[in-house]
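Here the structure comes first, spelled out in structure tokens, and everything after it is commentary.
Bear in mind that the values in this text are calculations on the coordinates, not laboratory data. Here the structure is a predicted model, which means the values were calculated and not measured. All Cβ positions, even for glycine, are placed from backbone atoms using ideal geometry, and neighbour counts span all protein chains on display.
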Amino acid sequence: MVIQWFPGHMTKTRRQMQDTMKLVDVVIELLDARIPFSSRNPDIDWLVGQKPRIVALNKSDLADEAVSRQWEAWFRAQGLDVIYTNALSGSGLKDICKQLRALTQTKLESALRRGRLQRPIRTMVVGIPNVGKSAFINKIAGRAITATGDKPGITRAQQWVRIHPEIQLLDTPGILWPRFEDPETGLVLAFTGAIKDDIMDTTELASSLMARLAILYPDRLAERYKQQGCEGKTGMALLLEAGKRRGCLIAGGEVDLHRISAIVLDEFRGAKLGRISLEKPPLQKRDSRGTED
Ligand SMILES: Nc1nc2c(ncn2[C@@H]2O[C@H](COP(=O)(O)OP(=O)(O)O)[C@@H](O)[C@H]2O)c(=O)[nH]1
Ligand SMILES: [Mg+2]
């Protein structure tokens, strides 16, 4: 079913995206700072082509700052401008505007030389579902112009919103598809809540998350769920232990796996375990002497 349905949908999205892309001067690619790899559209380079692009590592408030700095360096090494943003607080959005203007400076200058601006810089936000596109647009536009959450079926004319005297933003984001054929990507997207829990086995998801966190952030995991160390334990063992510590029990004293799973996922997504990054950039050659910790 998925195989039947997705390609058609994707072809249409691609075509629309290419059409819209023709209207913009600079593209803002929104990624989830916790999972910059998995929240990236696999065809983004092809879609954006030669247009200047800014990578916004959004939800930066939830990501590990040290890891985000590594990603920043990695993106810069790929020749991309990268800015951390928090679409809820608005931090980083001023830098986005500054960068948009810098990227189109020559265009602006030649227009200015001819007397006055012919038209403002045009930009649009693109990204996979749940990276914060609507929140970003709302915040930068300073008012609620798009509903948070995507409602398929409701279509309306796209409009340009002035976000700076010299910059216009398309009020509708470009929705991209994730790397859907990769199970690892599906998993980390599900951890962050980008894939709905009702189509996932939450116990399996929570125990996978536990296993992952036991490797990446063992101390924080142990502290939050009062684990006696995480080493050598499976995700399921950690989940059961957490359930006991939290008193998530059903009759007979067994752990209520459904309940503890929901708690763990909720707490992770709500940053109750602190700022966590689930992906690190691939090691670069010049970094190979051991920047990885
Ligand atoms: N903590 C945090 N949450 C964010 C940020 N940006 C968006 N969100 C939340 O992420 C969820 C998805 O945001 P939304 O704008 O609907 O994403 P879209 O599907 O890309 O349009 C919402 O619950 C937002 O409140 C951010 O920078 N930090
Ligand atoms: Mg949206």
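Side notes on the structure shown:
- Rounded to 5, the percent of DSSP beta bridges in the chain classed as antiparallel: 25
- Within the same chain, aspartates and glutamates fewer than 8 places from residue 244 are excluded, and of the rest, those with a Cα less than 12 Å from its Cα are 254, 256.
- Angle in degrees between helix 257-269 and the longest Cα principal axis of the chain, rounded to the nearest 10: 40
- Out-of-range pairs (alpha-carbon distance over 22 Å; input 22/107; 12/280; 59/98; 226/280; 196/272): 12/280; 226/280
- The stretch between residue 98 and residue 184, if pulled fully straight at 0.36 nm per residue, gains 27.4 nm over its current Cα-Cα span.
- Computed lengthening from residue 244 to residue 204, 0.36 nm per intervening residue step minus Cα-Cα distance: 12.6 nm
- Charge dipole (debye, nearest 20) of the range 1-137; +1 at Cβ of Lys and Arg, -1 at Cβ of Asp and Glu: 740
- The alpha-carbon atoms of the chain define a convex hull whose volume equals 159 cubic angstrom per residue.
- Computed E for residue 77/residue 122 - FRET, C-beta separation, R0 22 angstrom, nearest 0.05: 0.20
- Subtracting the Cα-Cα distance of residue 12 and residue 110 from their residue separation scaled by 0.36 nm leaves 31.7 nm.
- Estimated from the Cβ-Cβ distance and a Förster radius of 25 angstrom, the FRET efficiency linking residue 259 and residue 219 is about 0.50.
- Charge dipole magnitude, Cβ of K and R +1, D and E -1 - the chain, Cα centre, debye nearest 20: 1440
- Helix 183-192 vs. the chain, principal-axis angle (Cα, 0 to 90°, nearest 10): 90
- Spread of Cα-to-Cα distances over 5 Å intervals beginning at zero, given as percent, for the range 196-269: 3, 18, 31, 26, 15, 6, 1
- Rounded to the nearest 10 degrees, the inclination of helix 93-103 to the longest alpha-carbon principal axis of the chain is 40 degrees.
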